[in-house]
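The values are calculated or read from the model by the stated rules, or taken from the named source; none is laboratory data. Remember, it's a predicted structure, so these values are computed and weren't measured experimentally. Using ideal geometry, Cβ is built from the backbone for each residue, glycine included, and neighbour counts are taken over all protein chains shown.
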């Protein structure tokens, strides 16, 4: 079943252009924690929170500063992650092979997902 992912700025409900949408989709299955990532060419900023640092958050180019200010106020005492200074380039996917295989399946390649071996095997 096809799925469309809709990204919106957390502050103004703006939607990204097609190229920025593709960049945001490429980051979806990254196994990042407490990290900012830039998404061009629309100058969007993604906060990969996960766990202690909350959910992933998205802001358009006009609201990057608002997102950072809110995250620093909310999570700034928990660690250095919200205080990271830019730029925040995306250096490729992080994570497990299973996440990469799942990503390819979502993108329509329809390759079978390799199952992990059972415990004790």
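Laid out as a table, the results:
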{"read-out": "Selection count, region 57-87, where residues are without any contact (Cβ under 8 Å) to a residue 24 or more places away in the chain and surrounded by fewer than 12 Cβ atoms within 10 Å (Cβ to Cβ)", "value": "6"}
{"read-out": "Per-region count, region 67-93, residues within 18 Å of residue 20 (Cβ to Cβ) and part of a helix (DSSP H, G or I)", "value": "1"}
{"read-out": "Boolean, residue 73 is modelled with pLDDT of 70 or more and within 27 Å of residue 4 (Cα to Cα)", "value": "no"}
{"read-out": "Condition check for residue 8: out of contact with any helix residue (DSSP H, G or I) (no Cβ under 8 Å at 6 or more places or on another chain), in a loop (DSSP other than H, G, I, E, B) and over 23 Å from residue 101 (Cα atoms)", "value": "yes"}
{"read-out": "Any chance residue 49 is at pLDDT below 95 and either within 14 Å of residue 11 (Cβ to Cβ) or crowded, with 20+ Cβ neighbours inside 10 Å (or both)", "value": "yes"}
{"read-out": "Members of region 15-42 that are free of Cβ contacts under 8 Å to residues at least 40 places away in the same chain, surrounded by 15 or more Cβ atoms within 10 Å (Cβ to Cβ) and more than 11 Å from the chain's Cα centre (by Cα)", "value": "20, 21, 42"}
